[in-house]
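The values are calculated or read from the model by the stated rules, or taken from the named source; none is laboratory data. It should be emphasised that the depicted structure is a prediction, and the values quoted were computed from it without experimental measurement. Every residue, glycine as well, gets a Cβ built from its backbone with ideal geometry; the counts of neighbours run over all protein chains shown.
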Amino acid sequence: MAALQELVNHYNHWIAVFLMVAGLYVVVARGNMVKKLVGLSLFQTSVYLIYLTPGKIIGGTAPILSDEFTVYSNPLPHVLILTAIVVGIATIALGLALVVRINEAFGSIEEDEIFEKDVEA
Amino acid sequence: MIVDNLPALQVIVPLLGAILCVLVRRGWLAWFIALVVSWIVPLIAVALILQVLDGGVISYAMGGWAPPVGIEYRVDLLSAFVLLLISMVGAVMLPYANLSVESEISDGKRAWFYALYLLCMTGMLGISITGDAFNAFVFLEVSSLSTYAMIALGKDRRALLAAYQYLIMGTIGATFYVIAIGILYTMTGTLNMVDMSGRLGDVATVRPLFAALAFLTVGISLKFALFPLHSWLPNAYAYAPTFATAFLASTATKAAVYLILRFFFSVYGVALVFGIHPISEMLIALSLMAMFGASIVAVYQDNIKRMLAYSSVAQIGYITLGFGLANVPGLTGGVVHLANHAVTKGALFLAVGGIVYRMGAAHLDDFKGIGKKMPLTMAGFTIAGLSIIGVPGTAGFISKWYLAIAALEHGWGWLVMLLVLSSLISVIYIGRVVEVAYFREPEGKVMNATEMPLSMLIPAWVMILATIYFGIETSWTAGIASQIATDLLAGVQ
């Protein structure tokens, strides 16, 4: 029972870990280049959740300087993750742009078809 | 005023240069801006290293927010050494870029290429100077993203695939790094590296710290292509524009290696990294596999750029071998090999770039008898090749010498034997090219080849002379590296 309680208490971490592994699995297992990028995006997003979880205090407010509020959530993880989101967007945008160029150059975005056309690649 | 703000200028100057390059749009003007910036940046780096040698560590509070709350730029001897290395390589290579880039990249894209180059430079300098773990991630991605785009600008369509593969692998590596920083932040409540290092001792449960260490090691190793995480590197270097290959081979992996040094020795400290888990043994084993595996693969490559790329993977093995040995001569060898490999591999790629410029490719067949047609280029290639092998009198020898001393200090004679054996493999792959270049008769396209233009020849020869210079006069390389190694092992902040 205690173990179950432990499991439930950390449900947010389980979700994050599940998303992380699922994302990484898609990157490894899929041959379609767009799907790979979607997996990569999922993988990155799961990390955002890992950051945000410990920053939240139940009943805490935004960090406002006032005598009325003494319990507040840590704003720093949010700021970090805003930055990470921007980096993530740039990465996925660049990745998709590369896929467009690959499609123009090879006529396919399936890895195995492309490798058939270019043995050395 | 300017002197006080040098740490910030080190990063901001190339960043502004990149924006200017995009605004001017003209290829030659963008090249000129990049040239000016590339020559200013090492001046700042020299000023910084002189300040550090003179008065110790420089701590700069970005935007006036005092650390550990604000972002700190922290220049110690290791930072200053890497800053100087990266910026000097850029300054020497950039005059070479104009013709080489003109022959490989179309008019409309040239200004963008120089913008990417400067952004990449910004990122690498940023990694080396920042004292904030998350800030280092942002710079890591600034340099990586611009690198992916630079590689994709290669002529061959396979450059696109190489860039895509690198993007996937690099992003996984960067995300692992973010996970590690997240764990460390949760456990210590700080992002400042020095502050973090101080608080690590107070952490009650150490298991998360080791999880973070594992993520860090794998993530950063992906970025600097530690065997067996190197699969992105050979294609990326083979198909990128030649100038980009030369620049990246000399610098990109070095910035990532700097980051892992920083975490291993400054943040975690020797006791925590090497004391509990067999990280030292693991690093030595992987390094040996890189030295042998990648060198043997290099022997079978017909594309010379690809061959040198595999050789880079092997050379990274020598660097990490020094870290794995974790004593003063070992660490000195590893750190000094950052510089020695940068000049050596830079010289090799610049020489090959000259052949690509004349022949349009760097296949082994294009080298037939080229020693007679491009004597200066091939002589340079041969000298730099001797440095890869580690012949006394060249830079490569110095690094291997320190590594051998480090192995003997552990009483591992077999490791010295393996060092010599792995060097013999590099004799084969360098010798193969030299044999074709000097002892075959020129035929086909080679008949019309002439020496590469002076603006390319001079930077290539500056690099080549540097490989000889650093093999004889070592106070700027090995002297500083041994000081760094002593500081790192003593845990000096």
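Things to note:
- Some residue of the stretch B:248-260 being assigned to a helix (DSSP H, G or I), surrounded by fewer than 23 Cβ atoms within 10 Å (Cβ to Cβ) and either more than 14 Å from the chain's Cα centre (by Cα) or away from chain A (no Cβ under 14 Å) (or both): yes
- Filter result for residue B:287 (of a type in the set (Ser, Thr, Tyr) and either in a loop (DSSP other than H, G, I, E, B) or modelled with pLDDT of 90 or more (or both)): yes
- Any hit, the stretch B:410-428, residues being surrounded by fewer than 15 Cβ atoms within 10 Å (Cβ to Cβ) and more than 30 Å from residue B:332 (Cα to Cα): no
- Once the stretch B:1-31 is narrowed to residues that are surrounded by fewer than 16 Cβ atoms within 10 Å (Cβ to Cβ) and free of Cβ contacts under 8 Å to residues at least 60 places away in the same chain, the residue that is farthest from residue B:83 (Cα to Cα) is B:23.
- Residues located in the stretch B:76-101, provided they are surrounded by fewer than 24 Cβ atoms within 10 Å (Cβ to Cβ) and more than 19 Å from residue B:118 (Cα to Cα): B:76, B:77
- Scope the stretch A:85-95; condition more than 7 Å from chain B (Cβ to nearest Cβ) and loosely packed, with under 14 Cβ neighbours inside 10 Å; matching residues: A:85, A:86, A:89, A:93
- Here A:7, A:76, A:82 are screened, and the one residue that is more than 14 Å from chain B (Cβ to nearest Cβ), out of contact with any helix residue (DSSP H, G or I) (no Cβ under 6 Å at 6 or more places or on another chain) and free of Cβ contacts under 8 Å to residues at least 60 places away in the same chain is A:7.
- Residue B:280 vs. criteria hydroxyl-bearing (Ser, Thr, Tyr), over 19 Å from residue B:413 (Cα atoms) and in contact with a helix residue (DSSP H, G or I) (Cβ under 8 Å, 6 or more places away or on another chain): no
- When we screen A:106, A:18 for residues that are among the aromatic types (Phe, Trp, Tyr) and more than 9 Å from chain B (Cβ to nearest Cβ), the only hit is A:18.
- Considering only residues in the stretch A:47-68 that are touching a helix residue (DSSP H, G or I) at 6+ places or on another chain (Cβ under 9 Å) and farther than 24 Å from residue A:24 by Cα, the one that is nearest to the other protein chains (Cβ to nearest Cβ) turns out to be A:55.
- Scanning the stretch B:89-125 for residues that are among the aliphatic types (A, V, I, L, M) and in a loop (DSSP other than H, G, I, E, B) yields a total of 1.
- Restricting the first member to the stretch B:93-109 and to residues that are on the phi > 0 side of the Ramachandran plot, and the second to residues that are part of a helix (DSSP H, G or I), no beta-carbon pair is closer than 9 Å while six or more apart or on different chains.
- Residue A:24 facing chain B (nearest Cβ under 9 Å) and under 22 Å from residue B:179 (Cα atoms): yes
- When the stretch B:298-316 is filtered for residues that are surrounded by 24 or more Cβ atoms within 10 Å (Cβ to Cβ) and closer than 22 Å to residue B:223 by Cβ, the ones remaining, listed by number, are B:298, B:305, B:308, B:309, B:310, B:311, B:312, B:313, B:314, B:315, B:316.
- Restricted to the stretch B:472-491, and to residues there that are within 18 Å of the chain's Cα centre (by Cα) and within 21 Å of residue B:391 (Cβ to Cβ), the residue that is surrounded by the fewest Cβ atoms within 10 Å (Cβ to Cβ) is B:476.
For (1) crowded, with 22+ Cβ neighbours inside 10 Å; (2) small (Gly, Ala, Ser); (3) under 16 Å from the mean Cα position of the chain (by Cα); (4) modelled with pLDDT of 95 or more, each residue gets a yes or a no:
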{"position": "B:121", "(1), (2), (3), (4)": "yes, no, yes, no"}
{"position": "B:130", "(1), (2), (3), (4)": "yes, no, no, no"}
{"position": "B:174", "(1), (2), (3), (4)": "yes, yes, no, no"}
{"position": "B:186", "(1), (2), (3), (4)": "no, no, no, no"}
{"position": "B:191", "(1), (2), (3), (4)": "yes, no, no, no"}
{"position": "B:195", "(1), (2), (3), (4)": "no, no, no, no"}
{"position": "B:200", "(1), (2), (3), (4)": "no, no, no, no"}
{"position": "B:203", "(1), (2), (3), (4)": "no, no, no, no"}
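- Filtered residues of the stretch B:148-172 (kept if among the polar types (S, T, N, Q) and crowded, with 24+ Cβ neighbours inside 10 Å): B:171
- Which numbered condition residue A:99 misses (of (1) surrounded by 14 or more Cβ atoms within 10 Å (Cβ to Cβ); (2) within 21 Å of residue B:162 (Cβ to Cβ); (3) more than 9 Å from chain B (Cβ to nearest Cβ)): (3)
- Per the listing B:406, B:384, B:361, the residue uniquely buried (at least 20 other Cβ atoms within 10 Å of the Cβ) and farther than 30 Å from residue B:489 by Cβ is B:384.
- Check on residue A:71, within 12 Å of chain B (Cβ to nearest Cβ) and surrounded by fewer than 15 Cβ atoms within 10 Å (Cβ to Cβ): no
- Across the stretch B:300-318, the number of residues qualifying as farther than 24 Å from residue B:402 by Cβ and not hydroxyl-bearing (Ser, Thr, Tyr) comes to 8.
- Helices (runs of 4 or more DSSP H) contained entirely in the stretch B:128-247, each with at least 2 residues that are within 14 Å of chain A (Cβ to nearest Cβ) and within 16 Å of residue A:88 (Cα to Cα): B:133-152, B:158-188
- Flag for residue B:126 being farther than 23 Å from residue B:19 by Cβ and either hydrophobic (A, V, I, L, M, F, W, C) or in contact with a Phe, Trp or Tyr (Cβ under 8 Å, 6 or more places away or on another chain) (or both): no
- Screening residue B:435 against (1) surrounded by fewer than 22 Cβ atoms within 10 Å (Cβ to Cβ); (2) farther than 22 Å from residue B:306 by Cα leaves a single unmet condition, (2).
- Flag for residue B:125 being away from every other protein chain (no Cβ under 14 Å), out of contact with any Lys or Arg (no Cβ under 7 Å at 6 or more places or on another chain) and closer than 30 Å to residue B:196 by Cβ: yes
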